[in-house]
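Working notes, beginning with the structure itself.
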Amino acid sequence: MCTASRTGETPRSEVAALPSGEFQDLIEEFCIIDCRYPYEYLGGHIQGALNLYSQKELYDFFLKRPIIPLDIQKRIIIVFHCEFSSERGPRMCRSLREEDRVLNQYPALYYPELYVLQGGYRDFFLEYKELCEPQSYCPVHHQDHQAELLRCQS
């Protein structure tokens, strides 16, 4: 893990392999951060993913009490995604990196390895439906959730 650059996109196959422990000799802990709105997350998400869609939630979770590896030879991996991994996921990834830089003296970081899931939830769901719960997909612009979309965007 991971074939992508330290702040680049990571292939769906590598994210799918995380829960199986395939990389346990390299990774101490991993977090999959679903940056979609709550109604999207509830409509289907990657098993074990955390739904953090605001900067405040993100900072509270990762920066108030940073995750420190017990084994310095192992890594903490954070993978972000949204529906397509083109806007919200990458933006949250950059935001955590920027705030991490503010809190630490260069080159130190709490989280040196941040990734964005290639293709987002939509493509992951199409390829790895069995790793999603429930096994469904709710698009951001779903007609049943227009009011929730407006609330989340305000």
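The values are calculated or read from the model by the stated rules, or taken from the named source; none is laboratory data. Because the structure is predicted, anything quoted here is derived from the model rather than measured. No Cβ is skipped: glycine too gets one built from the backbone with ideal geometry, and neighbour counts run over all protein chains shown.
Looking at region 136-154, which of its residues are surrounded by 11 or more Cβ atoms within 10 Å (Cβ to Cβ) and not β-branched (V, I, T)? Step through it out loud before you land on a result.
We begin by selecting, within region 136-154, every residue surrounded by 11 or more Cβ atoms within 10 Å (Cβ to Cβ); these are 136-140, 142, 145, 148-149, 151-152.
S136, Y137, C138, P139, H142, H145, E148, L149, R151, C152 - these are the residues of region 136-154 that are surrounded by 11 or more Cβ atoms within 10 Å (Cβ to Cβ) and not β-branched (V, I, T).
All conditions in (1) surrounded by fewer than 18 Cβ atoms within 10 Å (Cβ to Cβ); (2) within 13 Å of the chain's Cα centre (by Cα); (3) acidic (D, E) hold for E28, with the sole exception of (2). Regarding E98, is this residue surrounded by 17 or more Cβ atoms within 10 Å (Cβ to Cβ) and either of a type in the set (D, E, K, R) or assigned to a loop (DSSP other than H, G, I, E, B) (or both)? No.
Scan region 65-73 and give yes if some residue there is modelled with pLDDT of 95 or more, basic (K, R) and within 20 Å of E28 (Cα to Cα), otherwise no. So far as region 65-73 goes, yes, one or more of its residues are modelled with pLDDT of 95 or more, basic (K, R) and within 20 Å of E28 (Cα to Cα).
Inside region 107-131, residues that are in a helix (DSSP H, G or I) and in contact with a strand residue (DSSP E or B) (Cβ under 7 Å, 6 or more places away or on another chain) make up a count of 5. In this structure, does I67 turn out to be of a type in the set (A, V, I, L, M), surrounded by fewer than 17 Cβ atoms within 10 Å (Cβ to Cβ), more than 15 Å from V15 (Cβ to Cβ) and in contact with an Asp or Glu (Cβ under 9 Å, 6 or more places away or on another chain)? It is true that I67 is of a type in the set (A, V, I, L, M), surrounded by fewer than 17 Cβ atoms within 10 Å (Cβ to Cβ), more than 15 Å from V15 (Cβ to Cβ) and in contact with an Asp or Glu (Cβ under 9 Å, 6 or more places away or on another chain). Exactly one residue out of L103, L114 is among the hydrophobic types (A, V, I, L, M, F, W, C) and touching a helix residue (DSSP H, G or I) at 6+ places or on another chain (Cβ under 6 Å): that is L114. For region 85-102, the tally of residues that are of a type in the set (A, V, I, L, M) and under 19 Å from R36 (Cα atoms) stands at 2.
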